[in-house]
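One structure is given here, and the rest of the page talks about it.
The values are calculated or read from the model by the stated rules, or taken from the named source; none is laboratory data. These figures come from a predicted structure and were not determined experimentally. Here the Cβ is made from the backbone with ideal geometry for all residues, glycine too, and neighbour counts use every protein chain on show. Keep in mind that these areas ignore ligands, DNA and RNA; they rest on the heavy atoms of the full protein, side chains included. Shrake-Rupley method; radii C 1.70, N 1.55, O 1.52, S 1.80 Å.
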Amino acid sequence: MSRIVIKMQPQLERMREAGRLTYRTLALLAEHIRPGVTTKQLDAIAHEFIADNGGTPSFLGYMGYPAAICASVNSTVIHGIPDGYALRDGDIVSIDVGAFLDGYHGDAARTYPVGDISPENRRLIETTKRCFLAGAAKAVAGNYVCDISREVQRVATEAGYGIVREFVGHGVGKTMHEAPEVPNFFSPQQPRVRLHEGMTIAIEPMINAGSGQIRVMKDGWAVVTADGMPSAHYENTIAVTKGEPLVLTDA
């Protein structure tokens with residue numbers, strides 16, 4: 001992972017534009033998520049929209065990844081490759097999008113309901129968002145990355161959910177993965193990285209309804225829960241400020 005890069009205002013403005021395109025792509029996909037739609041169709045919609053707006057999909061070709069988005073259904077945590085699977089009523093689908101525009105990346109993810117979902121799955125989605133919000137509230141200059149991690153873990157643990165530990169948040173900028181790493185759990189061994197104004201990071205809780213244990217599928221990409229229980233993902237790219245964090249991947 002590369003070094004921590006502090007962004008000045010002109011750089012943050014360019015990241016804001018990449019973030020807006022990322023957000024708009026997610027918003028467009030949300031309009032198309034319904035029973036019968038395939039994840040491959042969602043990928044095509046995202047690819048076309050990002051290109052039509054002057055960007056390129058951050059994920060396409062990254063370390064050989066074959067698609068513009070990650071579409072992870074039910075027990076798939078992250079990195080689900082879009083294919084011919086048609087979404088079904090009651091599914092939940094995590095969509096992760098990256099957009100590269102004018103030299104900078106935006107990175108964001110949401111988990112969406114497909115039709116009518118169970119109260120348990122709705123609670124999982126809502127709790128995962130709360131994990132993000134609690135962690136992001138600590139992303140203030142002078143705090144530490146571990147302050148974010150501790151809050152994400154607190155919300156997930158209090159809800160009785162498992163936390164994926166093998167994959168973490170990260171810095172974002174000219175490259176999609178910069179330093180520092182942003183774990184969703186606290187460890188005394190975690191490096192104490194102080195947050196400074198102008199740092200841009202992706203905070204992305206990956207929360208499982210069961211245990212935090214995972215396994216990687218034979219395609220080398222899709223990560224699934226080891227116990228087959230559902231998982232949810234919520235991510236935004238944010239800029240650290242002296243006050244409230246600036247969410248770069250929003251409207």
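Mean shadow of segment 181-251, computed from the convex hull of its alpha carbons, in nm²?
Directional mean of the projected Cα hull area for segment 181-251 stands at 7.0 nm².
Within the accessible area of the chain, what % is carbon and sulfur when the probe is 1.4 Å and the other protein chains stay in place? Present the calculation step by step, with values, prior to reporting the outcome.
Values: 5650 of 10780 Å².
Here it works out to 52 percent.
Any chance you could get the radius of gyration and Dmax over the Cα atoms of segment 2-47, in Å?
Spelled out, the Cα radius of gyration and Dmax of segment 2-47 are 15.3, 45 Å.
Quick one: pull the percentage of alpha-carbon pairs in segment 89-193 with a separation above 20 Å.
Cα-Cα pairs of segment 89-193 separated by over 20 Å account for 47 percent.
Could you work out how much longer the chain between Thr157 and Ile6 gets when fully extended? Use 0.36 nm per residue separation minus the Cα distance between them, nm to one decimal.
Length gained between Thr157 and Ile6: 51.1 nm.
Using the eigenvalues of the Cα gyration tensor, what equivalent ellipsoid semi-axes result for segment 3-77 when each is taken as the square root of five times the eigenvalue, whole Å, largest first? Don't jump to the answer; show the numbers that get you there.
Values: eigenvalues 132, 46, 30 Å².
With the √(5λ) rule applied to segment 3-77, the semi-axes are 26, 15, 12 Å.
In whole Å, what is the distance between the alpha-carbon centres of segment 30-78 and segment 222-251?
For segment 30-78 versus segment 222-251, the Cα centre distance is 17 Å.
Using a 1.4 angstrom probe, figure out how much accessible area segment 75-166 has per residue, in square angstrom, rounded to the nearest whole.
Accessible surface, normalised per residue, equals 39 Å².
Residue farthest toward the positive end of the dipole of segment 1-103, with Cβ of Lys/Arg at +1 and Asp/Glu at -1: which of Pro57, Ile6, Ile33?
Comparing the listed Cα positions along the dipole, Ile6 ranks first.
Kirkwood Rh over Cα pairs of segment 18-162 into Stokes-Einstein at 10 °C, 1.306 mPa s: D in µm²/s?
98
If I model a spin label at Asn143 and Thr38 as a point 7 Å from the Cα along the Cα→Cβ vector, what separation in nanometres do I get?
Each label point is offset 7 Å from its Cα along the Cβ direction, giving 4.3 nm.
By per-residue mean of other Cβ atoms within 10 Å, what is the highest-first order of 161-167, 111-117? Write out the running numbers ahead of the final one.
Values: 161-167: 19.0, 111-117: 16.7.
The packing order, highest mean first, is 161-167, 111-117.
Let me know the Rg and Dmax you get for segment 125-251 when you use only its Cα atoms, in Å.
Radius of gyration, then largest Cα-Cα span, for segment 125-251: 14.2, 44 Å.
Assign unit charges at the C-beta atoms only (+1 for Lys and Arg, -1 for Asp and Glu), then state the dipole size of segment 1-139 relative to its Cα centre in Debye, rounded to the nearest 20. Display every interim value, and only then the final one.
Numbers: 15 positive and 15 negative charges, 115 e Å.
It works out to roughly 560 debye.
Can you give the FRET efficiency for Thr175 and Asp116, using 1/(1 + (r/R0)^6), R0 = 35 Å, r = Cβ-Cβ distance, to the nearest 0.05?
Efficiency at R0 = 35 Å is approximately 0.30.
Translational diffusion coefficient, Stokes-Einstein: compute it for the chain using the Kirkwood radius over C-alpha pairs as Rh, at 10 °C and 1.306 mPa s, and state it as an integer in µm² s⁻¹.
Taking Rh from Cα pairs, D becomes 89 µm²/s.
Work out how much length Asp89 to Val193 would gain on full extension: take 0.36 nm times their residue separation and subtract the Cα-Cα distance, in nm to one decimal.
Values: separation 104, 0.36 × 104 = 37.44 nm, distance 4.31 nm.
So the chain would gain 33.1 nm between Asp89 and Val193.
Under a 1.4 Å probe, what is the accessible area of segment 190-251 per residue, stated in Å²?
I get 42 Å² per residue for this part.
Please compute the net charge surrounding Pro205, taking Lys and Arg as +1 and Asp and Glu as -1 over other residues with Cβ under 15 Å from its Cβ.
Once positives and negatives cancel, what remains is -2.
Once both labels are modelled 7 Å past Cα along the beta-carbon direction, what's the Val216-Ala27 spacing in nm?
Distance between the two pseudo-spin positions: 3.6 nm.
By average Cβ neighbour count within 10 Å, what is the ranking of 33-42, 172-181 from highest down?
Going from most to least packed, we get 172-181, 33-42.
Note down the relative contact order for segment 186-233 as a percent, whole number, built from C-alpha pairs under 8 angstrom at least six residues apart. It would help to have the intermediate numbers written out before the result.
Values: 41 pairs, mean separation 16.2, N = 48.
With pairs under 8 Å counted, the relative contact order is 34 percent.
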